[in-house]
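A short worksheet on the structure shown next.
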Amino acid sequence: MSHTLTVEGLATHFHTRAGVVKAVDGVSFHVDRGEVLGLVGESGSGKTVTGFSLIGLVEPPGRIAAGRILFHGQDITALPEEELRQLRGNRIAMIFQDPMMTLNPVLRIDTQMMETVHAHAKVSNAEARARSRDALGMVGIPSPEERLSAYPHQFSGGMRQRVAIAIALLHRPELIIADEPTTALDVTIQAQILAEVQKLAREHGTALIWITHDLSVVAGLADRIAVMYAGRIVETGAVVDVLDAPLHPYTAGLIGSVPSRNKRGTRLRQIPGMTPQLINLPAGCAFRTRCASATAECEADPPETFPAFGRAVRCFHQQAEAS
Amino acid sequence: MSTTAGIAREETPFRRFTSEFAESPLAVLGLVIVVIVAVLALAAPFITPQNPYDLAQLDIMDGRLAPGSKSMDGLVFWLGTDDQGRDMLSGIIYGLRISLGVGVGSAIIAGVIGSALGLAAAYFGGKVETAIMRLVDLQLSFPAILVALMILAVLGKGVLNVMLALVLVEWARYARTARGAALVERRREYIEAAECLALPRWRLLAFHLLPNCMPPLIVIGTIQIARAITLEATLSFLGLGVPITEPSLGLLIANGYQYMLSGKYWISFYPGIALLVTIIAINLVGDQLRDVLNPRLKR
Amino acid sequence: MTTWIFRRLIQAIFVVLAMTVIVFIGVNVIGDPVEILISPQADQAERARAVIALGLDRPLWEQYGRFLWNAVQGDLGKSFVFNEPALRLIAQRMPATMELAVTAVLLSIVLGIPLGLYAGLRPNSFAGRSIMAGSIFGFSLPSFWVGLMLIMVFAVQLGWLPSTGRGQTATLFGVQWSFLTRDGLAHMLMPALNLSLGNIALVLRLTRAGARENMPMDYVKFARAKGLSPVRVVFVHVMKNITIPIVTVIGLEFGSTVAFAVVTESVFAWPGMGKLIIDSINVLDRPVIVAYLMMIVFLFITINLLVDLLYTVLDPRVRLESRE
Ligand SMILES: Nc1ncnc2c1ncn2[C@@H]1O[C@H](COP(=O)(O)OP(=O)(O)O)[C@@H](O)[C@H]1O
Ligand code: SF4
Ligand SMILES: [Mg+2]
């Protein structure tokens with residue numbers, strides 16, 4: 001049986017005046033029905049560009065330079081724009097990072113929801129409105145009927161993100177890409193929304209790609225995890241496996257920098273250095289300038305290895321199992 | 001910003017300015033045209049085939065001749081003649097003289113008055129500033145043509161009144177620009193240093209603040225000259241500007257207007273082209289000056 | 001909301017008052033009121049009588065009070081030339097100017113928005129760059145000259161359009177309008193285009209800037225991620241955001257358009273109030289001039305007020321804030 005989504009060797013490059021930005025450079029992963037994949041990495045590692053690539057919304061000067069994106073086995077990179085449009089918001093939905101910016105400030109909520117219904121279903125206005133109201137109710141917005149005729153600025157950030165989620169849910173998509181949807185929100189609201197989305201995804205059997213820079217979010221939510229660094233996925237595996245025994249030095253560094261109960265009293269270890277510029281990135285392991293285990297060997301590209309069932313790593317000197 | 005200014009000083013600011021200006025061939029072309037037009041206007045009495053203001057030289061029999069025709073006494077009218085038998089080429093060059101004179105003159109006067117008020121507003125602040133800037137806002141909220149009409153309506157026609165109208169229309173923009181630039185400059189160290197030395201206020205304004213506010217004022221000034229020339233031409237075309245005996249470009253165009261319908265296009269057309277080329281050339285220079293002198297746009 | 005409208009109204013009234021003071025000072029202090037208000041043909045005795053009749057021997061503040069009182073009652077003096085109330089003359093010519101100005105504004109919307117949108121969505125294309133380059137001409141060309149060229153090409157050379165006058169008019173609400181007849185429309189096309197040139201350039205640039213500013217916004221991307229068609233994204237989502245500043249600017253420019261009609265009306269011999277004011281200045285028919293100035297100032301202030309109101313209607317954010 002094919003996966004809901006399979007990504008093979010995806011490369012998305014931006015051709016800027018200063019040079020080619022290889023924002024995504026040879027990324028492969030897959031998600032299944034009802035599964036939550038956490039896509040983790042520091043800011044600037046190419047997570048958002050990966051997300052946009054999946055729904056065909058990379059804009060010039062960017063373009064998909066290589067790779068395949070198989071949705072139920074069909075390569076959607078080759079689809080004409082109109083067929084892509086029919087997928088977007090219908091079978092594949094996306095939620096953005098900043099809820100203050102994603103809704104159009106001068107259109108009412110009902111307009112913005114009903115147009116989404118009409119974009120993919122030939123239904124009456126009344127029916128579109130009813131569906132919109134139900135979706136609002138589903139994401140926990142009180143008195144949805146009244147809120148429909150409000151404008152975005154009358155909602156708080158958390159409420160706006162719920163509206164965005166409701167819009168994403170309108171057509172019961174098979175795949176939702178959530179791009180750091182809780183990063184901009186308060187911790188308590190973040191937790192509520194996490195729980196809500198997890199529940200809805202489970203109920204509907206939706207495949208969910210949850211993008212975040214925050215390992216602790218992924219820990220409680222995802223089934224599997226893919227760690228991204230400088231446009232590449234450096235490690236994948238089941239959440240428990242990866243968090244218990246990271247094989248890539250970068251993953252280990254990320255885990256070390258997360259505060260947690262059992263490490264109380266010890267110093268948090270920050271990864272030294274900064275995310276590299278993706279412009280004119282030299283060959284070899286992009287992490288080597290910050291890596292404690294780096295050797296001369298690392299000036300070549302590390303190959304992908306599969307040390308255990310369901311795991312993949314790109315590193316010459318994988319961390320000892322019991323770190 | 002301060003570091004780039006420092007480097008600029010070392011490689012002589014003027015050289016850097018000229019090389020940056022020359023980056024746009026269009027702007028250089030504009031500058032060449034502006035220089036040619038200015039020279040033509042200044043040298044008008046020495047180069048024109050005819051003195052168009054000397055009625056004795058005009059022969060009504062030569063009226064409305066097509067471009068290239070010859071007069072009774074063998075003079076070639078390259079651009080034709082107007083209804084009075086005036087050589088259009090000479091008329092245009094003299095017209096340029098008046099248009100440029102009125103435009104540049106009023107722009108300079110408005111520039112001096114406006115900059116002084118703008119600097120004063122920035123420097124003194126408080127009630128002075130509020131009063132001046134309110135006036136500026138009021139002035140700018142009315143279109144130039146309307147203000148000019150008001151003034152000419154009250155004072156009557158004539159070159160001086162046109163210039164006065166242009167000055168009253170234009171000063172506000174200088175004032176706003178000067179104040180804006182001065183507010184930025186005022187916070188700089190050298191002004192504080194000068195204040196510590198207890199220099200008299202007027203010296204501080206004239207020798208320290210003003211020179212550093214010059215670049216934006218020059219940019220505005222260039223554009224304002226083009227606007228003034230356009231407005232003068234418009235007013236003259238409407239018959240409210242310069243007297244018929246010493247026509248500017250706008251009046252030449254107006255004179256030819258009635259003959260245009262009968263196909264004698266040149267009486268209006270060539271002065272129009274001269275006006276157009278001048279205005280566009282000045283605008284090209286102004287645009288490039290803005291790019292070069294505006295530090296915000298610098299790489 | 002109502003208190004806000006009330007406040008704006010009071011403000012507007014104050015500006016009108018300020019303008020009456022300016023016009024009054026212009027006429028009575030800078031200019032010579034005897035010359036301005038009394039026909040130049042009048043003899044010495046007539047003048048003396050008129051001075052007393054007009055109250056010019058009274059103190060200034062009293063004269064101003066009388067001027068204001070008369071103005072409020074719609075009495076701004078009688079035209080020397082037509083021997084009719086100046087205000088009535090202006091009012092008769094006003095529809096011609098208004099229909100010209102409104103058509104010009106409509107033209108600037110109909111032409112400026114699509115061109116600006118195109119230039120904004122394809123900023124690097126040849127057509128996009130050409131549109132921008134062309135818009136510079138809209139700003140810098142003297143409009144009277146463009147008008148002459150239009151006449152030369154389309155009326156004299158090609159003979160497609162009539163060059164002057166209003167053409168045939170039809171009556172609506174007791175007023176003559178050109179836009180109701182084919183012939184009238186043909187007469188109006190060139191003057192309206194001429195008058196709108198600067199506004200086209202302005203609307204075009206605003207639209208382009210708005211498109212360039214809004215297209216990279218998250219809400220546009222989200223609208224596309226919802227699967228909306230590009231047409232809906234641009235014409236509903238982006239346009240709705242661009243429209244607000246455009247409407248504001250067009251509204252504010254309407255007053256300037258009416259003022260600039262002076263030039264266009266002179267070129268095309270369009271019998272509106274602009275043509276009237278130029279003729280009046282030329283023959284020193286000063287009551288008409290004063291009436292025109294007061295009228296246009298009044299128009300300006302009314303428009304500013306309306307634009308402010310419209311703005312609150314269009315932009316939900318402003319609307320709700322002002323309600324609270
Ligand atoms: N439109 C663009 N033009 C040029 N570079 C871009 C563009 N969009 C993204 N990038 C580059 O792609 C890289 C990855 O960006 P992004 O995917 O947003 O990172 P993340 O979401 O992981 O924080 C960044 O280095 C960014 O500079
Ligand atoms: S390949 Fe080398 S530099 Fe890269 S992560 Fe592994 S050890 Fe570090
Ligand atoms: Mg991101």
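The values are calculated or read from the model by the stated rules, or taken from the named source; none is laboratory data. Just so it is clear, the structure is predicted and the values come from calculations on it, not from any experiment. Please note: Cβ atoms are built from the backbone with ideal geometry, for glycine as well, and neighbour counts cover all protein chains shown. Ligands, DNA and RNA are excluded from the accessible area calculation, which covers all protein heavy atoms including side chains. Shrake-Rupley method; radii C 1.70, N 1.55, O 1.52, S 1.80 Å.
Here is how the numbers come out for the structure above:
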item: Exercise: per-residue mean of other protein chain Cβ atoms within 10 Å, B:140-151; result: 6
item: Dipole magnitude (debye, nearest 20) for chain A, charges at Cβ of Lys, Arg, Asp, Glu; result: 500
item: Ellipsoid equivalent to the protein assembly as shown - semi-axes via the Cα gyration tensor, in Å; result: 66, 34, 29
item: Convex hull volume per residue in cubic angstrom - Cα atoms of chain A; result: 146
item: Percentage of interatomic Cα-Cα distances in segment A:131-269 larger than 22 Å; result: 47
item: For the protein assembly as shown, with +1 on Lys and Arg beta carbons and -1 on Asp and Glu, the positive-most of C:VAL105, C:PHE254, A:THR48 along the dipole; result: A:THR48
item: Accessible area of segment C:77-117 belonging to carbon and sulfur atoms, whole % at 1.4 Å probe; result: 71
item: FRET efficiency, C:ALA186 to B:ARG134 (Cβ-Cβ, R0 30 Å, nearest 0.05); result: 0.05
item: Per-q log10 I(q)/I(0), segment C:182-324, q = 0.08, 0.14, 0.20 Å⁻¹ (Debye; single scatterer per alpha-carbon; no solvent); result: -0.35, -0.85, -1.19
item: Solvent-accessible area buried by C and A, counting both chains, probe 1.4 angstrom, square angstrom; result: 2400
item: At R0 = 51 Å, FRET efficiency that the Cβ-Cβ distance of A:SER124 and C:ARG58 yields, to 0.05; result: 0.10
item: Cα gyration tensor of segment A:1-76 - equivalent ellipsoid semi-axes, whole Å, descending; result: 23, 14, 9
item: Whole-Å semi-axes of segment A:1-149's equivalent ellipsoid (Cα gyration tensor); result: 31, 18, 16
item: Solvent exposure, largest accessible area first (probe 1.4 Å, DNA, RNA and ligands not counted), of C:HIS187, A:HIS213, B:HIS208, A:HIS248; result: A:HIS213, B:HIS208, C:HIS187, A:HIS248
item: Accessible surface, per residue, of the protein assembly as shown when the full set of protein chains is kept, probe 1.4 Å, Å²; result: 46
item: Whole-percent carbon and sulfur share, accessible surface of chain A, 1.4 Å; result: 53
item: Antiparallel content of DSSP bridges confined to the protein assembly as shown, in %, to 5; result: 65
item: Positive dipole terminus of the protein assembly as shown, leading residue within A:ILE193, A:ILE279, A:ALA121 (C-beta point charges); result: A:ILE193
item: Axial C-alpha extent at least 15 Å, average Kyte-Doolittle at least -1.0 - helices from chain C (DSSP); result: C:2-25, C:60-72, C:86-121, C:126-140, C:182-214, C:239-267, C:286-314
item: Length-normalised contact order of segment A:67-155 in % [C-alpha pairs under 8 Å, at least 6 apart]; result: 28
item: Value at 222 nm in deg cm²/dmol, rounded to 500, when DSSP H runs of n ≥ 4 in chain C each add -39,500 (n - 2.57); result: -23500 deg cm²/dmol
item: Residues of segment A:111-150 buried by at least 30 Å² on assembly (accessible area, 1.4 Å probe, chain alone as reference); result: A:GLU115
item: Percent of Cα-Cα distances greater than 19 Å, calculated over segment A:167-237; result: 35
item: Histogram of C-alpha separations across chain C, 20 Å bin width, %; result: 26, 50, 22, 3, 0
item: Calculated FRET efficiency for the pair C:SER125/A:GLU82, C-beta based, R₀ 25 Å, to 0.05; result: 0.65
item: Solvent-accessible area lost in complex, 30 Å² minimum, residues of segment C:198-227 relative to chain alone, 1.4 Å; result: C:ASP218, C:TYR219, C:LYS221, C:PHE222, C:ARG224, C:ALA225, C:LYS226, C:GLY227
item: Which listed pairs, of C:LYS78/C:LYS275; B:LYS157/C:LYS78; A:LYS199/C:LYS221; A:LYS199/C:LYS226, have C-alpha distances above 24 Å, in listed order; result: A:LYS199/C:LYS221
item: Segment A:4-51-segment B:270-287 distance, computed between alpha-carbon centres (Å); result: 54
item: Area accessible to solvent at C:LEU111, 1.4 Å probe radius, in Å²; result: 70
item: Candidate residues C:TRP160, C:TRP4: accessible-area rank, largest first, probe 1.4 Å; result: C:TRP160, C:TRP4
item: Contour minus Cα-Cα distance for B:ASP291 and B:VAL39 (0.36 nm per residue); result: 88.1 nm
item: GNM top mover of A:LYS199, A:LYS22, A:LYS47 - chain A, alpha-carbon springs below 10 Å; result: A:LYS199
item: Where only C-alpha atoms are counted, convex hull volume of segment A:87-190 per residue in Å³; result: 90
item: Three principal axis lengths of segment C:78-204 [C-alpha, angstrom, descending]; result: 59, 31, 28
item: Summed buried accessible surface, chains C and B, 1.4 Å probe, nearest 100 Å²; result: 3200
